[in-house]
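> My questions will all concern the structure given below.
The values are calculated or read from the model by the stated rules, or taken from the named source; none is laboratory data. Computed from a predicted structure; not experimentally measured. Cβ atoms come from the backbone with ideal geometry, glycine included; neighbour counts cover every protein chain shown.
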Amino acid sequence: MQKSPSRELILSILWRYGLSIILVALAVVLTLLLQMAFSTPFWRSFFFVWVVIGSTWFLGKGPGFTTVVLSTLAVDYYFTPPFGQFSHDPKNLPFVVVFFIFAFVSGFVSSRLKDRETALSKARDELESRVQERTKELEKSNTLLLAEIEERKHAEEILHNQAGLLHLTHDSILVRDKAGLITYWNRGAEELYGWKSGEAVGKVTHELLQTIFPEPLEDIMAQLVRSGHWEGELVHTRRDGTQVVVSSRWAVQKDELGQPASVLETNNDITERKRAEEGIRKLNEELEARVIKRTDELGEVNRELEAFAYSVSHDLRAPLRHLAGYAELLQKSASSDLDEKSVRYVAMILESAKRMGELIDDLLAFSRTSRTEIKKSRVSLDQLVSEISDELSRETDGRDIAWRIGNLPDVSGDRSMLKLVLMNIISNAVKFTRQRQRAEIEIGHAGGEANELVIFVRDNGVGFDMKYAHKLFGVFQRLHRAEEFEGTGIGLAHVQRIIYRHGGRVWAEGASDKGATIYFTLPGPPEGTGHE
Amino acid sequence: MNKLGRILLVEDDPKDVELTLTALAEYNLANEVVLARDGEEALGYLYERGKSGDGPNSYPAVVLLDLKLPKVDGLEVLSRIRSDENMKAIPVVMLTSSREERDVVDSYKLGVNAYVVKPVDFHEFVNAIKELGVFWAIINEPPPGSMKRG
């Protein structure tokens, strides 16, 4: 790389010097030709001077000077007598010297002019390139500027659109600066509060809206600075003076120093919701009050019932006892004076008093099963049945009874109450099969509906007409004459009450003289089926 | 009321009184009975006996007490007897028409010695009174301070 410029330089030098030599030679030839045509001495120097000026102008100072020297020599050699040799004649010397000086001056002037011209041209070029450069720069910055303007325009458009969108929403949105002055107020806020944007902007928010805060404003601001946002319920006053409850969300925009610069506040009207909530709360309160009142009333009724039962137990029995007592004393003291009829009357009085005593006792027991609390435990029905058949032995002794007792499950219930249930049903079965040569009593269980256990007691006794099935479980309801079968008629009412209180059902199937089956259910799946 | 009886019968109903005394008469125990017609009278009698200066023979051998009484009821009488330093050893039997579990429980909590429900049937009633009288006035050894059969 370094060789080629120097080689070019050498070639250029050789070329320029060679050319100056050739030019001089050309001037010699032309001058010779002109001399042949016109022998005027003026023409002798004409071409040479132009060659010197031209070579100095175009080829540079070195070749120019070479041309001056060579031309002087050529003028001396060819065109100063004696022609064809260098003249030593002092007579010709001034001409040669004058020529040399003239040629030299011409060359010098030409060279200077050339230098000036080169410098000028260089300066012009520089200027031009700088102008071009500046123009380019200007063009570039112009493009940038245009792009920036375009971008700004676009951003402004987006902002405008967004602001327009904010304006569209029915949520009320407002922005306030750090002094609390409103700087933005959207259409939602106009609709909610009644002030136009122009009226609201510049006002202090909390003064305009008479805000009631749920906590001190300092605390809210502290939280706002700490976490950047706050949420809560505020009460505002509208332009028309009505109050509105809003769910308010605040978001803060901080400046470069991290200090709150402006706050964006979004408020949603929840007055209706609050009113509805309040309504529901009130309704609930009322309902609760009613439940309490009803419970109190029920408790009162229960207490009255208890007082009634107590009174029955105590006060009703006393006159009955007296009735029986005095009848007995009458029977004793006057037995010899009384005729047969009168003795029977006294006996009837005694019997009735006794029966009434039984009825009162049964009624009291029945009311007690409704009032006493159920104490649930795991109860073995097998065990209950075997206890009951032991207790009934006085009535079953001497009778032919075929017991068919299946495996009964354990259930969950009040043991003494469930025993009363089975006692009533089984003693009924024993009682109503009394007229049978061979009584058959079956006790078993079957699966009922889901989560339900069905227990049944079937007998081959006198049965009943299904027509009267609905009367079977009423208090003091009897389907047989008293002289046929004893009893007060409260047993199955008792059964029904207890089973209902356990959450079960009870029903009966039967036909006159064809036996009866009493069914009852208990909730819950059977828990094991083994005998104990 | 200063007569010393070995049985204090507290009963407001005259018919019950008559029937009870009739029953006791069959066993010659009627003369041993002092009658009080309400709780106040019963307590008055007992306090009076305490001040009589009869020493250890101040109190009856048993109190037959009805639950439902005018003025001061049976449970109140019982609790006053049990809370009195001198009287608390006196045997007390509730003789009542009530079979209510609440009454039975309350009586035992207050320290009753026995609880008897008057049967409706007269025979049973007579038997109950007779056995009560015989047991408490004759068989039972009363606490020191009660009148012994002399």
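> Take B:Val116 and tell me if it is closer than 25 Å to A:Arg355 by Cα, within 9 Å of chain A (Cβ to nearest Cβ) and either assigned to a strand (DSSP E or B) or at pLDDT 80 or above (or both).
Considered against the rule, which asks whether it is closer than 25 Å to A:Arg355 by Cα, within 9 Å of chain A (Cβ to nearest Cβ) and either assigned to a strand (DSSP E or B) or at pLDDT 80 or above (or both), B:Val116 comes out as no.
> Could you please find all residues in the stretch A:306-363 being among the hydroxyl-bearing types (Ser, Thr, Tyr) and at the interface with chain B (Cβ under 10 Å from one of its Cβ atoms)?
Matches in the stretch A:306-363: A:Tyr310, A:Ser311, A:Ser313, A:Tyr326.
> For B:Glu131, state whether it is away from every other protein chain (no Cβ under 14 Å), closer than 17 Å to B:Val63 by Cβ and surrounded by fewer than 13 Cβ atoms within 10 Å (Cβ to Cβ).
Taking the combined requirement at face value, the residue does not satisfy it.
> Kindly establish whether B:Ala42 is aliphatic (A, V, I, L, M), modelled with pLDDT under 85 and in a helix (DSSP H, G or I).
So B:Ala42 does not fit the description; no.
> Right, here's the next one. Need the failing condition index for A:Phe485 against (1) touching a Gly at 6+ places or on another chain (Cβ under 8 Å); (2) aromatic (Phe, Trp, Tyr); (3) surrounded by fewer than 20 Cβ atoms within 10 Å (Cβ to Cβ), just the number.
It is condition (1) that A:Phe485 fails.
> Out of the stretch A:31-83, which residues are free of Cβ contacts under 8 Å to residues at least 40 places away in the same chain and in a loop (DSSP other than H, G, I, E, B)?
Once the filter is applied, which keeps residues that are free of Cβ contacts under 8 Å to residues at least 40 places away in the same chain and in a loop (DSSP other than H, G, I, E, B), the stretch A:31-83 yields A:Phe38, A:Ser39, A:Thr40, A:Pro41, A:Phe42, A:Thr80, A:Pro81, A:Pro82, A:Phe83.
> If you take the residues of the stretch A:452-498 that are at pLDDT 80 or above and either polar (S, T, N, Q) or not assigned by TED's automatic domain parsing to the domain that holds A:Ser427 (or both), which of them is farthest from A:Lys419 (Cα to Cα)?
Result: A:Asn460.
> Would you be able to say whether some residue in the stretch A:273-287 is under 46 Å from the mean Cα position of the chain (by Cα), away from chain B (no Cβ under 14 Å), outside any helix (DSSP H, G or I) and not polar (S, T, N, Q)?
No, every residue in the stretch A:273-287 fails to be under 46 Å from the mean Cα position of the chain (by Cα), away from chain B (no Cβ under 14 Å), outside any helix (DSSP H, G or I) and not polar (S, T, N, Q).
> Filter the stretch A:62-100 down to the residues that are of a type in the set (A, V, I, L, M) and within 26 Å of A:Leu14 (Cα to Cα) and list them by number.
A:Val68, A:Val69, A:Leu70, A:Leu73, A:Ala74, A:Val75
> Something else about it: For the stretch B:84-105, indicate whether the set of residues that are of a type in the set (S, T, N, Q), under 14 Å from the mean Cα position of the chain (by Cα) and either crowded, with 17+ Cβ neighbours inside 10 Å or within 14 Å of another protein chain (Cβ to nearest Cβ) (or both) is non-empty.
Checked against the condition, which is being of a type in the set (S, T, N, Q), under 14 Å from the mean Cα position of the chain (by Cα) and either crowded, with 17+ Cβ neighbours inside 10 Å or within 14 Å of another protein chain (Cβ to nearest Cβ) (or both), the stretch B:84-105 yields at least one hit.
> Look through A:Glu265, A:Glu272, A:Glu286 and report the one residue that is under 30 Å from A:Leu174 (Cα atoms) and free of Cβ contacts under 8 Å to residues at least 60 places away in the same chain.
Result: A:Glu272 is the single residue among A:Glu265, A:Glu272, A:Glu286 that is under 30 Å from A:Leu174 (Cα atoms) and free of Cβ contacts under 8 Å to residues at least 60 places away in the same chain.
> In the list A:Ser197, A:Ser141, which residue meets the criterion of being of a type in the set (Ser, Thr, Tyr), outside the structural domain of A:Ser247 (by TED's automatic domain parsing) and without any contact (Cβ under 8 Å) to a residue 24 or more places away in the chain?
None of the others qualify; the one that does is A:Ser141.
> Of all residues in the stretch A:364-404, how many are within 14 Å of chain B (Cβ to nearest Cβ), basic (Lys, Arg) and part of a helix (DSSP H, G or I)?
The qualifying residues number 2.
> Also, I was wondering about something else. For A:Glu300, indicate whether it is within 14 Å of another protein chain (Cβ to nearest Cβ) and within 30 Å of B:Met94 (Cα to Cα).
No: the conditions fail for A:Glu300.
> In addition: Here is a list of conditions, (1) exposed (fewer than 11 other Cβ atoms within 10 Å of the Cβ); (2) at pLDDT 85 or above, and A:Ser4 meets all of them except one; can you say which number that is?
Every listed condition holds for A:Ser4 apart from (2).
> May I ask you to list the residues in the stretch A:282-338 that are surrounded by fewer than 12 Cβ atoms within 10 Å (Cβ to Cβ), within 25 Å of A:Ala353 (Cβ to Cβ) and charged (D, E, K, R)?
A:Lys332, A:Asp337, listed by residue number.
> Just the residues that are surrounded by 13 or more Cβ atoms within 10 Å (Cβ to Cβ) and in a helix (DSSP H, G or I), please, taken from the stretch A:84-98.
A:Leu93, A:Phe95, A:Val96
> Sticking with this structure for a sec: Quick one: in the stretch A:167-216, of everything that is within 30 Å of the chain's Cα centre (by Cα) and under 17 Å from A:Gln253 (Cβ atoms), which residue is surrounded by the most Cβ atoms within 10 Å (Cβ to Cβ)?
Going through the qualifying residues, I end up with A:Trp185.
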